[in-house]
Amino acid sequence: MSEQLDRAKLKEVVCWVVNSVGPEALGQTKLHKVLYYAEMLTFLATGRPLTGAIFRKRPYGPTCDALLGIQDELSKEGCLEVTRQNYYGYKKTTFALLGRFSPTLISADEISLLRDVVEFVCLRNSAVTISEFSHDIVWQMVEFGEDIPYHSALNLVPNEETEDALSWGMSVAKEIEDARPIRAADLEGRPPRALRAAMLDRH
């Protein structure tokens, strides 16, 4: 099922990311990856994407279909400066936010998730290593140029038996044994928390 893009919210997310990290740590490749992981982790946590953006399989990992158009719109609106320059022999796109920025469409929980994703993508990886990291099982499941469906995010969840996961599993087993109903709140959010922790523990 195709998600409806919330264009205004995607603009705000792009501005938040640009505002939260210096230009030396953020280029076009990393911005695509921040959006990708933020959308997928939000979908895992809530059953809904962050903005509904479409992502497509490309050689350097998933890319956001709407990103270039969003950048052009923000530039024309006087909100974002986009500069393309040489960077050690390569072309690098840098971003600068123009004027004050105060998010109104992004919730506190979404900002918390964005912080984790920005830290992992922008501060713990280069453009090369995050591109390699994004060649995951979800990326491998589709053909080049095809959309990456949101439900495929379930395949991103790590399946290793962490101490936290085992402890949670034991508590659920105890509830089953005692014939008490398992609350939906106990199950909600476990996979995305595990994935976020795995990402942040990777480096």
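Taking region 61-92 on its own, how many of its residues are farther than 19 Å from Glu24 by Cα and outside any strand (DSSP E or B)? Total meeting the criteria: 14.
Could you go through region 145-167 and let me know if any residue there is charged (D, E, K, R) and modelled with pLDDT of 85 or more. Among the residues of region 145-167, at least one is charged (D, E, K, R) and modelled with pLDDT of 85 or more, which makes the answer yes. Only one entry of Glu77, Glu81, Glu73, Glu110 meets the criterion of being touching a residue at least 40 places away in the same chain (Cβ under 8 Å), out of contact with any Cys (no Cβ under 9 Å at 6 or more places or on another chain) and not aliphatic (A, V, I, L, M), and that entry is Glu110. Only a single item in (1) surrounded by fewer than 17 Cβ atoms within 10 Å (Cβ to Cβ); (2) in a loop (DSSP other than H, G, I, E, B); (3) touching a residue at least 24 places away in the same chain (Cβ under 8 Å) is not met by Ser102, and it is number (3). Taking region 60-92 only, how many residues are crowded, with 17+ Cβ neighbours inside 10 Å and under 16 Å from Ala127 (Cβ atoms)? Residues in region 60-92 being crowded, with 17+ Cβ neighbours inside 10 Å and under 16 Å from Ala127 (Cβ atoms): 6 in total. Taken over region 14-50, the criterion of being β-branched (Val, Ile, Thr), assigned to a helix (DSSP H, G or I) and under 20 Å from Gln71 (Cα atoms) is satisfied by Val14, Val17, Val18, Thr29, Val34.
The values are calculated or read from the model by the stated rules, or taken from the named source; none is laboratory data. Given the structure is predicted, the values throughout are model-derived calculations rather than measurements. As a convention, Cβ positions derive from the backbone with ideal geometry for all residues, glycine included, and neighbour counts pool all protein chains shown.
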